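The values are calculated or read from the model by the stated rules, or taken from the named source; none is laboratory data. Given the structure is predicted, the values throughout are model-derived calculations rather than measurements. Please note: Cβ atoms are built from the backbone with ideal geometry, for glycine as well, and neighbour counts cover all protein chains shown.
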Amino acid sequence: MDVDAAVRTRRTHKAYRAEPVDAETLDELLDLARWAPNHHLTNPWRFRILGPASLQRLKAAADAAKPGSARKLDRAPTLVVVSARQTGDPVQDREDVLATGVAAYIVLLAAHARGLAGYWRTLGILDHPDGRAAVGLEPDEVAVGLIHLGHPLHPPQRSERAPLADVATRLD
């Protein structure tokens, strides 16, 4: 699949088959993410693949904070917490969070190119001390999101985008 097709056809999926993404494929996806642009080559991204115990801890923290919210964590068989290391320098920290967002998108795009489905969520529980502890976030990290990955149950839904004229402006 070429890049243009991957970008235009990747969609959010919320229904997956039960089998997890195999470790080799997951390593390929995360290896590609390392090539995201990042100022001063800080490599700020951190990826945590949740196993059964860490998922249970995160679900318990989520339900304690908002009862019933943990059920969304069961949508996909493979979950990856994405975080960015922070330095305390506001300019560098902003750049590192944005670079980490790009790295997360690379994971989603590369997964799609391999026939997998993905879903990127931001989770408030990853900002809460119990959620952070559940997935081992360090004090110098900020959560960027949670990537759900797996084999899709259904083909992607078509969706439209705003016309280019609505989102791009040429300045003199």
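Taking each residue of region 126-147 that is over 14 Å from Gly101 (Cα atoms) and looking for partners that are polar (S, T, N, Q) with beta-carbon atoms closer than 7 Å, six or more apart or interchain, yields Ala134/Ser54; Val135/Ser54; Leu137/Ser83; Asp140/Gln86.
With respect to (1) under 24 Å from Pro155 (Cα atoms); (2) outside any helix (DSSP H, G or I); (3) in contact with a helix residue (DSSP H, G or I) (Cβ under 9 Å, 6 or more places away or on another chain), the lone exception for Pro37 is condition (1).
Would you point out the residue of region 1-46, among those that are among the aromatic types (Phe, Trp, Tyr) and modelled with pLDDT of 95 or more, that is farthest from Leu109 (Cα to Cα)? Among those residues, the one meeting the criterion is Trp45. For region 105-116, enumerate the residues that are surrounded by 14 or more Cβ atoms within 10 Å (Cβ to Cβ) and either out of contact with any helix residue (DSSP H, G or I) (no Cβ under 7 Å at 6 or more places or on another chain) or on the phi > 0 side of the Ramachandran plot (or both). Within region 105-116, Tyr105, Leu108, Leu116 meet the criteria.
Being of a type outside the set (A, V, I, L, M) and surrounded by fewer than 17 Cβ atoms within 10 Å (Cβ to Cβ) is the filter; apply it to region 78-91 and report the residue that is nearest to Asp27 (Cα to Cα). If we take residues in region 78-91 being of a type outside the set (A, V, I, L, M) and surrounded by fewer than 17 Cβ atoms within 10 Å (Cβ to Cβ), then Thr87 is nearest to Asp27 (Cα to Cα). One residue stands out in region 119-154 among those that are farther than 23 Å from Ala61 by Cα and modelled with pLDDT under 95: the one that is surrounded by the fewest Cβ atoms within 10 Å (Cβ to Cβ), namely His154.
Results for (1) without any contact (Cβ under 8 Å) to a residue 40 or more places away in the chain; (2) surrounded by fewer than 17 Cβ atoms within 10 Å (Cβ to Cβ); (3) among the hydrophobic types (A, V, I, L, M, F, W, C), shown as yes or no for each residue.
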| position | (1), (2), (3) |
| --- | --- |
| Asp4 | yes, yes, no |
| Ala15 | no, yes, yes |
| Ala18 | no, yes, yes |
| Asp27 | yes, yes, no |
| Trp35 | no, yes, yes |
| Asn38 | no, no, no |
| Asn43 | yes, yes, no |
| Gly51 | yes, yes, no |
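Candidates are the residues of region 61-93 that are polar (S, T, N, Q) and outside any strand (DSSP E or B); the one that is modelled with the lowest pLDDT is Ser69. Each residue in region 124-157 was checked for being closer than 13 Å to Ser54 by Cβ and outside any helix (DSSP H, G or I), and 3 of them qualify. Just one of the listed residues (Ser83, Ser69) is under 30 Å from Arg8 (Cβ atoms), touching a helix residue (DSSP H, G or I) at 6+ places or on another chain (Cβ under 9 Å) and of a type in the set (S, T, N, Q), and it is Ser83. Filtering His148, His154 for residues that are in contact with a Lys or Arg (Cβ under 6 Å, 6 or more places away or on another chain) and within 17 Å of Arg11 (Cα to Cα) leaves a single hit, His148. Residues in region 58-77 that are buried (at least 17 other Cβ atoms within 10 Å of the Cβ) and closer than 21 Å to Val142 by Cα: Leu58, Lys59, Ala61, Ala62, Ala70, Leu73.
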